[in-house]
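Below is one structure, written out as structure tokens, with a few remarks after it.
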Amino acid sequence: MPKRFVAPIISLIGVSIFGPVITPAQDVPRQPGAVYDFDRPDEKPAPAPKHDISGVWEPAKGPGAGLQGKGALSMGSCEYKVPGVPYSGYAYDAKAPVPDCLKPAQEPPYTALGRKTLLSHIPTEGYRMVASALTNDPVPACNPQGFPRIVLHDFRTSRIIQTPTNVVILYEFNKKWRAIWTDGRELPKNPEEPTWGEPDPPESRWWGYSVGKWEDDYTFVADSNGFDDRTWLDNAGLPHGDALHVEERYRRVDRDHLEMTITIHDPQMYTKPWVALDKLRLRLQAASLDIPEEECVPLETEEYNKEFAKPAASAGKAKQP
Amino acid sequence: MRRRLITTAAVVGLLIGSVSLFAHHGNAEFDIGKRVTVKGTVTRWSWSNPHCFLTFDVNGDNGAVVHWVVETQPPRSVTAGGFSQYTFKPGDEVTVTLEPVKNGRPLGRMLEVVLPNGKKMVTGHLD
């Protein structure tokens, strides 16, 4: 064999053997069989690249770090264990009148209409939660989650792609995506009858209309409006109206980290803007990471409701041993 | 390298094990803190959203068979604990530790399961 082929062949064999273990993009070891990389205490990431938030991102603290089951605003305030009960995790004390750990850290500044609309929503999470068969949440029946709920309940692995005219975000849940326009266009002037202009007819959208720009070398800011008001803001039933305006801020902290902040502007439902997600820390994943499927499937949901959700919510008759 | 891998594995394991993943709904149905352990024969393993669920039959003291349905988290979440679409098959003898629902029906959510080969597996609900 010619000598010039020896090194490449050895390299190929090495890549074949160690490829699944060594993350190509970051050259850090991975647990064999593990899918994600999370933060480690002794890391010193390289500096952030300029004007670049592309890549596959996952909450840096691990799966579940993006959960806001109690409702937006309340992330991280529910680390509570039932005294003396192993395995209780983030469970709440069922004997407490209102589970403290499920109360939002602070309540959003509702208008009268906002509070009334909130109370018309019957959620499966938060301090007003009910059994899943009793909810009027549109999402469990596979209706569109929409934006910003896709990031305000349980942010999952997402891929950000930058093109000359868009920042495109591919979300794991239901394989949904958004295009944030960066071509200089402006948001629809009338968010209650939104359109990009002729020849597009005005229509509200589950995922809204979005434009974005670089605020500085490391901060990308997007603004969105024109939403369909049938979506909720989160799994705890927080409402929004058709005048909702969402500010979405991404700050590239270093090569491996991105912080995401979501601010809600909705004068119909809230008396002032409020931060619904505050610097959720995301970690860059290997470019080779294959994002798993998580589809809401009506047929599967129907089967789950029949087998579990409906009997679990019924008055029932004691049959447990 | 080996030491770094072990450290990484420990950190990842800690992170996965210390988070309850409530992708679809909260705790309203469940009798929080109560634990039931039952041994039975698998009739179905549904690998599906919004929750995977396992059904199995348990022989009661009086000869009656109790049909249990226990949910887990969705495929996306339970894969972190090593579960797959092929973890169970009908006829498997399993021992399931679960958190039952409040209304007394034979329903709950799986916390631990011991497979026919003796391997113990835990779900994302565990601490």
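Please treat every number below as a calculation from the coordinates, not as lab data. Treat the numbers as computed from the prediction; the structure is a model and nothing was measured. With ideal geometry, Cβ positions are generated from the backbone for all residues, glycine too; neighbour counts draw on all protein chains shown.
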- prompt: What's the Cα-based Rg to Rh of the range B:48-127, Rh via Kirkwood?
  reply: 0.96
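Looking at this model, which pairs from A:Lys189/A:Lys279; A:Lys116/A:Lys279; B:Lys34/B:Lys119; A:Lys116/A:Lys176; A:Lys50/A:Lys272 are more than 27 angstrom apart at the alpha-carbon? Intermediate results must be reported in sequence, preceding the final value.
Values: A:Lys189/A:Lys279 29 Å; A:Lys116/A:Lys279 29 Å; B:Lys34/B:Lys119 23 Å; A:Lys116/A:Lys176 30 Å; A:Lys50/A:Lys272 33 Å.
Among A:Lys189/A:Lys279; A:Lys116/A:Lys279; B:Lys34/B:Lys119; A:Lys116/A:Lys176; A:Lys50/A:Lys272, the Cα-Cα distance tops 27 Å for A:Lys189/A:Lys279; A:Lys116/A:Lys279; A:Lys116/A:Lys176; A:Lys50/A:Lys272.
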message: Based on alpha-carbon atoms only, what is the radius of gyration of the range A:239-318 relative to the globular estimate 2.2 N^0.38 Å?
response: 1.73
task: Work out Dmax and Rg for the range A:119-238 from the C-alpha atoms and quote the Rg first, both in angstrom.
output: 16.0, 48
Shielding score for A:301-313, defined as the mean number of other chain Cβ atoms within 10 Å: 6
field: P(r) tail fraction, the range A:105-170 - alpha-carbon pairs more than 16 Å apart, %
entry: 65 percent
- prompt: What are the residues whose amide H is under 5 Å from the amide H of A:Leu277, where those residues sit 5 or more places off or on another chain and H is modelled from the backbone?
  reply: A:Ile262
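Using DSSP to call loops (not H, G, I, E or B), can you name the trypsin sites (Lys or Arg not before Pro) in the range A:113-198 whose Cβ has at most 16 other Cβ atoms within 10 angstrom?
On the way: sites: A:Arg115, A:Lys116, A:Arg128, A:Arg149, A:Arg156, A:Arg159, A:Lys175, A:Lys176, A:Arg178, A:Arg185, A:Lys189; in loops: A:Arg128, A:Arg156, A:Lys175, A:Lys176, A:Arg185, A:Lys189.
Here the trypsin sites (Lys or Arg not before Pro) that fit, given the DSSP loop and packing criteria, are A:Lys175, A:Arg185, A:Lys189.
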